[in-house]
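Undergrad: Once you've had a glance at the structure underneath, I'll fire off some questions.
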Amino acid sequence: MIEDRFISIGDLARRTGAAVSAIRFYEEKGLLTSLRTRGNQRRFLRSDIRRVSFILIAQKLGLALAEIERELSALPQGRTPTLGDWERISRSMRDSIDEKIALLELTRRKLDECIGCGCLSLAKCRLYNADDEAGALGPGPRFVLK
């Protein structure tokens, strides 16, 4: 049945765990598109559950709204995205996600050592960054953000 393709904003919020206000914000930013009923109520495609879920995951991963918007713009409007559509997004984002994972892993390792900020306040910092040699590499945590 065609009505099964559409859900209300409240149903979309319940299914995704996103606040109704967040869904309205995503719509305002062009990440989602709703149809309006004769009573001016928003109706979303059932497949927008996946779109909102993607937004929530991407935000949790630390992706900027502009990155999320760019990726979602590749998805078709008005029809349920296919597996191929999602695979294209996955390939497109893989490098960015891999870079973030590598930075997280490096940061986890370096927090036990010296991050190269030049504070020299920890005993280990004096070993890893004697005489603040990292300072010559530039400002900030040079052993993590190169």
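The values are calculated or read from the model by the stated rules, or taken from the named source; none is laboratory data. A quick note: this is a predicted structure, and the numbers were derived from the prediction, not measured. Cβ sites come from the backbone with ideal geometry, for glycine too, and all protein chains shown count toward neighbours.
Undergrad: What's the total number of residues in the stretch 1-34 that are over 25 Å from the mean Cα position of the chain (by Cα) and surrounded by fewer than 12 Cβ atoms within 10 Å (Cβ to Cβ)?
TA: Of the residues in that region, 4 qualify.
Undergrad: Still on this structure, please answer the following. Select from the stretch 68-85 the residues that are surrounded by 14 or more Cβ atoms within 10 Å (Cβ to Cβ), out of contact with any Leu (no Cβ under 8 Å at 6 or more places or on another chain) and of a type outside the set (Asp, Glu) and list them in ascending order.
TA: The answer is Arg70, Leu75.
Undergrad: Every residue in the stretch 120-146 that is under 24 Å from the mean Cα position of the chain (by Cα) and either surrounded by 14 or more Cβ atoms within 10 Å (Cβ to Cβ) or within 21 Å of Ala66 (Cβ to Cβ) (or both), please.
TA: Residues satisfying the conditions are Pro141, Val144, Leu145.
Undergrad: Another question about this same structure. Need the failing condition index for Ser90 against (1) assigned to a loop (DSSP other than H, G, I, E, B); (2) loosely packed, with under 14 Cβ neighbours inside 10 Å, just the number.
TA: (1)
Undergrad: Which members of the stretch 38-73 meet the condition of being in contact (Cβ under 8 Å) with a residue 12 or more places away in the chain, more than 16 Å from Ser8 (Cβ to Cβ) and β-branched (Val, Ile, Thr)?
TA: Ile55, Ile68
Undergrad: Return the only residue of Ile101, Ile89, Ile115 being of a type in the set (Val, Ile, Thr) and over 18 Å from the mean Cα position of the chain (by Cα).
TA: On inspection, the qualifying residue turns out to be Ile115.
Undergrad: Quick check on Ile101: is it surrounded by 12 or more Cβ atoms within 10 Å (Cβ to Cβ), among the β-branched types (Val, Ile, Thr) and within 22 Å of Ile57 (Cα to Cα)?
TA: no
Undergrad: Could you check Pro76 against (1) without any contact (Cβ under 8 Å) to a residue 12 or more places away in the chain; (2) farther than 29 Å from Phe143 by Cβ; (3) assigned to a helix (DSSP H, G or I) and say which number it fails?
TA: (3)
Undergrad: Hey, Cys117 hits all of (1) surrounded by 14 or more Cβ atoms within 10 Å (Cβ to Cβ); (2) free of Cβ contacts under 8 Å to residues at least 40 places away in the same chain; (3) in contact with an Asp or Glu (Cβ under 7 Å, 6 or more places away or on another chain) but one; which does it fall short on?
TA: (3)
Undergrad: Counting only residues that are modelled with pLDDT of 95 or more and among the polar types (S, T, N, Q), give me the helices (runs of 4 or more DSSP H) lying completely in the stretch 1-68 with at least 1 of them.
TA: 9-16, 20-28
Undergrad: Restricting to the stretch 35-67, what's the tally of residues that are surrounded by fewer than 14 Cβ atoms within 10 Å (Cβ to Cβ) and over 17 Å from the mean Cα position of the chain (by Cα)?
TA: The qualifying residues number 7.
Undergrad: Something else now. For the stretch 95-108, check the following and say yes or no: at least one residue is among the β-branched types (Val, Ile, Thr) and not in a helix (DSSP H, G or I).
TA: no
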